[in-house]
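Taking it in order: structure first as structure tokens, then the write-up.
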């Protein structure tokens, strides 16, 4: 039984066709990679699955529930391209606010562990606007994994990350998959896609052009 069903999804912006009759069925407890050039429709598709935009036609169903703008899938960790956090707050304060808004609240120790895992100082008074690009990306990733989400939608996760942080991210993806999560990743990195994904979906000009099995690596997938 499919966990995510996308039926005839169409999205137009200013008359331009961004998603062109997308049809997909994605199974639970798998990692899916989405590949395509900038403007191919990957991010818009992720926005639609997350309930951030309204489709012009078609529908998206996640775990039996129809997703519409403002109606988000439950227990979802989300990172969409160009997402930002509160510029005047510290790493800890940002996660605390996000945690207060979440239905799946975590303990303070979990926030501390996530920040420490991504090499961000839990006690630091430095605010987000003064973070390096890599620090900002690590904090964005930390919020994705709060609450042990069952669905992760992650757009370009390894942007600005050093090699060690990339490996830490991948380890968390494997951990979440092993705990039953379904994971959608869009990345320009072929290594990220091939090393993590069960299935790779290629998008061009708003259309699914092909799908193929991911490359098994180190027995993780």
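The values are calculated or read from the model by the stated rules, or taken from the named source; none is laboratory data. Computed from a predicted model, the values in this text were never measured in an experiment. Using ideal geometry, Cβ is built from the backbone for each residue, glycine included, and neighbour counts are taken over all protein chains shown.
Using the structure shown, decide if residue 141 is in contact with a strand residue (DSSP E or B) (Cβ under 9 Å, 6 or more places away or on another chain) and under 14 Å from residue 33 (Cα atoms). Working first, answer last.
Numbers: in contact with a strand residue (DSSP E or B) (Cβ under 9 Å, 6 or more places away or on another chain): yes; under 14 Å from residue 33 (Cα atoms): no.
No: the conditions fail for residue 141.
Within segment 107-125, can you find the residues that are touching a helix residue (DSSP H, G or I) at 6+ places or on another chain (Cβ under 6 Å) and in a loop (DSSP other than H, G, I, E, B)? Scanning segment 107-125 gives 118, 120, 122.
Among residues of segment 64-81 that are in contact (Cβ under 8 Å) with a residue 12 or more places away in the chain and at positive phi, those with a Cβ under 7 angstrom from a residue that is in a strand (DSSP E or B) and surrounded by 12 or more Cβ atoms within 10 Å (Cβ to Cβ), sequence gap 6+ or separate chain, pair up as 75/151. Set side by side, the residues 21, 14, 8 differ, and just one is more than 15 Å from residue 153 (Cβ to Cβ), surrounded by 14 or more Cβ atoms within 10 Å (Cβ to Cβ) and over 17 Å from the mean Cα position of the chain (by Cα), which is 21.
Annotation: residue 104 fulfils all but one of (1) surrounded by 17 or more Cβ atoms within 10 Å (Cβ to Cβ); (2) more than 24 Å from residue 207 (Cα to Cα); (3) in contact (Cβ under 8 Å) with a residue 40 or more places away in the chain; the unmet one is (1). Would you confirm, using the coordinates I've provided, whether residue 149 is within 25 Å of residue 89 (Cα to Cα), out of contact with any strand residue (DSSP E or B) (no Cβ under 6 Å at 6 or more places or on another chain), in contact (Cβ under 8 Å) with a residue 60 or more places away in the chain and buried (at least 21 other Cβ atoms within 10 Å of the Cβ)? Taking the combined requirement at face value, the residue does not satisfy it.
Residue by residue, here is whether (1) over 23 Å from residue 88 (Cα atoms); (2) in contact (Cβ under 8 Å) with a residue 24 or more places away in the chain; (3) in contact with a strand residue (DSSP E or B) (Cβ under 6 Å, 6 or more places away or on another chain) holds:
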| site | (1), (2), (3) |
| --- | --- |
| 154 | yes, yes, yes |
| 162 | yes, yes, no |
| 169 | yes, yes, no |
| 176 | yes, yes, no |
| 196 | yes, yes, yes |
| 204 | yes, yes, no |
| 210 | yes, no, yes |
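Of the residues making up segment 81-94, those that are touching a strand residue (DSSP E or B) at 6+ places or on another chain (Cβ under 8 Å), surrounded by 13 or more Cβ atoms within 10 Å (Cβ to Cβ), assigned to a loop (DSSP other than H, G, I, E, B) and at pLDDT 95 or above number 1.
Just a yes or no: is a residue in segment 190-204 surrounded by fewer than 19 Cβ atoms within 10 Å (Cβ to Cβ), touching a helix residue (DSSP H, G or I) at 6+ places or on another chain (Cβ under 7 Å) and under 24 Å from residue 72 (Cβ atoms)? Walk me through how you get there before you give the answer.
Quick first cut of segment 190-204, residues surrounded by fewer than 19 Cβ atoms within 10 Å (Cβ to Cβ) only: 190-191, 194, 198-199, 202, 204.
Checking which are touching a helix residue (DSSP H, G or I) at 6+ places or on another chain (Cβ under 7 Å) leaves us with none.
No, there is no match, as no residue in segment 190-204 is surrounded by fewer than 19 Cβ atoms within 10 Å (Cβ to Cβ), touching a helix residue (DSSP H, G or I) at 6+ places or on another chain (Cβ under 7 Å) and under 24 Å from residue 72 (Cβ atoms).
Could you please let me know if residue 52 is surrounded by 20 or more Cβ atoms within 10 Å (Cβ to Cβ), modelled with pLDDT of 95 or more, within 16 Å of the chain's Cα centre (by Cα) and under 30 Å from residue 194 (Cβ atoms)?
Details: surrounded by 20 or more Cβ atoms within 10 Å (Cβ to Cβ): no; modelled with pLDDT of 95 or more: yes; within 16 Å of the chain's Cα centre (by Cα): yes; under 30 Å from residue 194 (Cβ atoms): yes.
Criteria not met by residue 52.
Restricting attention to segment 132-145, the residues that are without any contact (Cβ under 8 Å) to a residue 40 or more places away in the chain and part of a loop (DSSP other than H, G, I, E, B) total 1.
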